[in-house]
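Enquirer: Take a look at the following structure, please.
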Amino acid sequence: MVDLSVDLGFLKLKNPVLAASGTFGYGLEFKPFYDLELLGGFVVKGLYFNPREGNLPPRLIETPSGLINSIGLQGIGVEAFCREILPELAELDTAVIVNVCGEDEDEYARVAEYLSRFKGIAALELNISCPNVREGGRCPAQSSDATFRTVKKVKEVTPLPLITKLSPNVTDIVSIAIAAEEAGSEAISLVNTFLAMAVDIETRKPKLGNVIGGLSGPAIKPIALRMVFQVARAVKIPVIGIGGIFTAEDALEFMMVGASAIEVGTANFVDPDACLRIIQGMEKWAENHGIKNISEIIGSLKI
């Protein structure tokens, strides 16, 4: 039998596969499909302090090998989440990670502090990188200074482990990852979506109500893989790889370049069983290659 568990230092996962925020609802939506306790964990939809309607439709556009979304972080707000959903999630034997959002540093800290009052949360994923909320896709993760300030402020108000989710829409991903590490983040997750758009040539109008959205799916995987490789070599904290992971082979690539765990996003829309299929595929590959513990492959790329 292969030991699929991975130790992030602040959190031990039964396997390295997490469902990514924004593609898995609040977790309960996937209960009809399979036992959520089979996952390493999942990251719930992003939460602001108050409820949020999100962007105007249309909000999803398919592209070759990808998906552009401009949801705008629609959500029920942190108070409703803790009152109506968290009690049921807290009973699960798997890692429940909450994606934290904010209009500014104060709101990020306010949401994190509020969540810290409740049991059942394994870690917070600080979403400073969503590209489809502000005009032009601006976000704190595009600046080392803003990243450092935001992470530091959140760390001051919560004892929960912090995973900082980074944006690929930058020229130097490494410096921003180092800023998050220096500010106290326990881990880095990357990448979020790439700024993108689509045009209807008959109406000559953008296909998205928000004009610009975020591209995800297999189309972004090679770039995401490169960024994870660069960051994993530069920081001492664990890296969680995200970006176009649809198969066990994709997940293994991310781990070989240095990711300690991975998140599955867009694949959940295509195949609700994607996470389970990837877990099973990773286990089979490890068995076929004489791997006793999946952690053996982390950073094992030969250069």
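Every number in this text was worked out from the coordinates using simple rules, so none of it is lab data. Remember, it's a predicted structure, so these values are computed and weren't measured experimentally. Methodologically, a virtual Cβ is constructed for each residue, glycine included, from the backbone with ideal geometry; neighbour enumeration extends over all protein chains shown.
Enquirer: Select the strands (runs of 3 or more DSSP E) contained entirely in region 99-218, then report the ones holding at least 1 residues which are of a type in the set (Lys, Arg) and surrounded by 20 or more Cβ atoms within 10 Å (Cβ to Cβ).
Expert: Passing ranges, in order: 162-165.
Enquirer: Quick one: in region 26-53, which of the residues that are of a type in the set (A, V, I, L, M) and touching an Asp or Glu at 6+ places or on another chain (Cβ under 8 Å) is surrounded by the most Cβ atoms within 10 Å (Cβ to Cβ)?
Expert: In this case the residue turns out to be 43.
Enquirer: Next question. Under 30 Å from residue 68 (Cβ atoms) and in contact (Cβ under 8 Å) with a residue 60 or more places away in the chain: which single residue out of 251, 274 fits that description?
Expert: 251
Enquirer: For region 235-284, which positions are of a type in the set (Phe, Trp, Tyr) and over 24 Å from residue 33 (Cα atoms)?
Expert: The one that is of a type in the set (Phe, Trp, Tyr) and over 24 Å from residue 33 (Cα atoms): 254.
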